[in-house]
Structures are given as structure tokens and as C-alpha cells.
Amino acid sequence: MSNTSTCAIPLCDIQASYESLKNEIDAAVARTLASGQVILGPEVAALEREVAAYCGAKYAVGCASGSDALLLALSALGVGAGDEVILPPFTFFATAGAVCRLGATPVFADIDPETFNIDSEEVALKITSRTKAIIPVHLFGQCADMDALHRVADRDGVPVVEDACQAFGADHQGLKAGAIGEIACFSFYPSKTLGAFGDGGMAVTNDPGHARRMAALRVHGMEPKYRHHLLGWNARLDAVQAAMLRVKLPHVENWISARRLIAERYDELIDSMELSDLLQKPVRHEFGRHTFSQYVVRVAGGMRDGLLKHLQSKKIGCEVYYPVPLHLQECLWNLGHAEGDFPVSEEASRSVLALPIFPELTAEQQRRVIGECAAFVRQQVAVAA
Ligand SMILES: *Cc1c(COP(=O)(O)O)cnc(C)c1O
């Protein structure tokens, strides 16, 4: 028998949702393989309809990854050499990678210290005549302040592309991520809130022109067959992934509820174990639903790396999203940034820590996670004394 007080707690448990839906998922795979249609085809088209309906948007274009969804969105908007795209430096690399791949220049705008999302006042300072798009990232499952951002963007008619890769199911003033910006990009990477069993992504929009261009771009810009008006690439979604995602989609609301409950339990544990000085709880914005794709605390007093090591030594999965902000990444040296350029992002990189969260995480496991944080504090106090 496993001893629950010592057994590992993963950051994210991808197997658990497979175990709970095994029969349906296996049947969906078998059905797709038997159909012989393994790339795009009816499964992908059905998933596109279902995701669009879920988001309350008109169109969805399935693609190979969240990274490709970003590339498709920016390409459809005509982003290219000489253009600037505004984005936060505190995000996964793909947000900036898509901009650079198209020959455009990423222009960073610092984040809000409470939500870690892009600060619209910083965005306003960065808009120029060359700004072709703004990409807010709905980090950790909570939407950026889209009203404030739209007020800034609309003044200059700049389209807003949501990087909603971490925010499937999040909402903002009653609109779901995916139906707020001009185009929204989702990732079905296995550890995301709605995860495939491999790579996958989707771009969602209300604009028929964008939808049509993105659908063409993902097949080398081919429309009709062997006629290429646009310079695309292969960004197709596998039918097997789509079929499995269709099994999972009806469960996503329950999973989000479970994640929100887990987040509340973490909050309560942090308070009841008197750790709120050490661990700053995630801030929920009043304008929408946080889906907690990650439960990220800020660790005070320069103790983040020490706590990370302690939790890892106790086999508790945790992670730093993200330890190096994008403006300090080696491959972006040519942008000419230096330490100090985006202080809020830099501070976040030094203090954030993601704790285990997945729908099946138990209250008992959570008590162990926060209990180990308390044990770490006791150790520090003992060392200092
Ligand atoms: C996961 C992620 C991506 C990229 O998605 P992939 O499917 O891995 O290509 C882009 N942006 C953000 C913010 C992400 O979290």
C-alpha cells in the first residue's frame, strides 16, 4: 500500500482524466482510425463547431498547436516585416516567437503586479503608427483587463489578439475568452485546462474573413486545391486529437469548477496556517472567472528558490512560470533590452511559484503541500535563530 504522507504529488496529473474517461476516449480513437480520416476531416470540423459554440464565437480553426494558432492569427491580420506587435514580457516564449517568426518586432509592455497580466497603461505608451496588433496573455487562467485594453487599442484601431492558451473557459464581463478580442488562440497541450494527448490548438474569431484566411493558411494557403494566394504552412490538427478532445470538452466546466474549489482551499490553508506573509495568494479580478489553469503564489522575502527546493525534496511538483522574462532571453538580444527595463515582470520572475493543481487533487494532498510550506518557514526561522 502506498503511504499517502510520502507519495509524490505531481504538479499536474494528465493520466487522471484519461483514466476517468478511458472507455469513451478509446472508442473515439477507434472510430477515427476506422474512418481513415486522420487529418482534419469531420472530427476536426465537429470540434471546431463545438469549441466555437462553447466560446460563444462564430468560427474556430483547428491547428497543430497554440503556437501555430498565434502564427495563424497574426498572419491573417497581415503582420509582417516592419510591423510592431505589443505583448507582455512575462509569458511563455511562443507569444513573442510568433511575432519574430513573421519578421515583425515584439514590443514589450510591462504587467500589472497583482494579476500578472498586461497593463493597458503601459500598452498605451508603446503604440506607434507601426503597431499592427496587441497580444494580451490571459496568464494562469485569468483574462487580462480587456475593457481597459480595448479602450486603448480602439483609439488607434489596433486589433487585439488574445493569447488564451492558458485560459480555456475563462470569462470577462460575461464573454468567454475567445469571443472578446479580434482573434483568440488556444492550446491543447496536454497540461492545459483542456488538453489533448499530444499537440493541438485552435484559433477562434467572429470575423469570417479572418476565419477563412486562417483555414487556408494552415494548409499552405491553398484554396482551392493547388492554388496558393497566401503564403501558409502546415499547421493542421490531427483528427485523433480532435476526437479525443470532443470527449473531454463536455467535462471542462466541471474541471474548471474543481480547479476553482482547489484554489479556494489553497487560499484557506494559507490563511489558517498563517502563511499569508510568505505566500501571496493569487488575486482574482472582479470582472470575470479565473479558471486556475495554474495556482501561482508570490513568495515573499527572496525565499522562492529555497521553498521550491524544499517542495521538490518532498516530491511535491511545483514550477516557476517564468524564471526569465522574454526581454532578457538570449535569442532576443537584438531588441536591446537590459535588466531593469520591465521591473514588474522581473520581480514576478523572481517571486512566483506554481503549486500542484489538477481537478483530481485531493484536500489531503493540498494540506500536505501547504503543510510543507509551513515546515519550510519553521526551518528558516530555526536557521535564523
Ligand atoms: C502553452 C502556451 C502557448 C503555446 O502553446 P503550444 O500548444 O505549446 O504551442 C502559447 N502561449 C501561452 C501563454 C501558453 O501557455
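Relative to the compact-globule scaling 2.2 N^0.38 Å, provide the ratio for the alpha-carbon radius of gyration of the chain.
Values: Rg = 21.2 Å, N = 385, 2.2 N^0.38 = 21.1 Å.
For the chain, the normalised Cα radius of gyration is 1.00.
At a Cα cut-off below 20 Å, give the lysines reachable from K176, other chains included and same-chain residues fewer than 8 away excluded.
K58, K192, K248
Would you calculate a helix-derived [θ] at 222 nm for the chain, using -39,500 (n - 2.57) for each DSSP H run of n ≥ 4 and dividing by the full residue count, to the nearest 500? Walk me through the intermediate numbers first.
Values: 12 runs with 155 residues, N = 385.
Counting only the DSSP helices, I get -12500 deg cm²/dmol.
Choose one of C100, A179, A16: the residue whose Cα lies farthest towards the positive end of the charge dipole of the chain (beta-carbon charges +1 Lys, Arg; -1 Asp, Glu; about the Cα centre).
The Cα lying farthest towards the positive end belongs to A16.
As I understand it, the dipole of the stretch 298-357 uses +1 on the Cβ of Lys and Arg and -1 on the Cβ of Asp and Glu, about the Cα centre. Which of P343, L328, S313 lies farthest toward its positive end?
S313
Taking the Cα centre of the chain as origin, work out the dipole magnitude from +1 charges on Lys and Arg Cβ and -1 charges on Asp and Glu Cβ, in debye rounded to 20. Walk me through the numbers before you get to the answer.
On the way: 35 positive and 46 negative charges, 216 e Å.
That gives the chain a dipole magnitude of about 1040 debye.
If you average the sequence gap of Cα pairs under 8 Å that are 6 or more apart and divide by the length of the stretch 15-251, what percent do you get for the contact order? Kindly include the intermediate steps, with their values, before the conclusion.
Working: 529 pairs, mean separation 62.6, N = 237.
About 26 percent, as a whole number.
Contact order normalised by length for the stretch 252-384, with contacts defined as Cα pairs under 8 Å and 6 or more residues apart; what percent is it? Before the final figure, lay out the partial values.
Values: 144 pairs, mean separation 43.9, N = 133.
So the answer I get is 33 percent.
We did not get these values from a lab; they are worked out from the coordinates using the rules stated. This structure is a prediction, so every number in the text was calculated from the model and none was measured. Cβ atoms come from the backbone with ideal geometry, glycine included; neighbour counts cover every protein chain shown.
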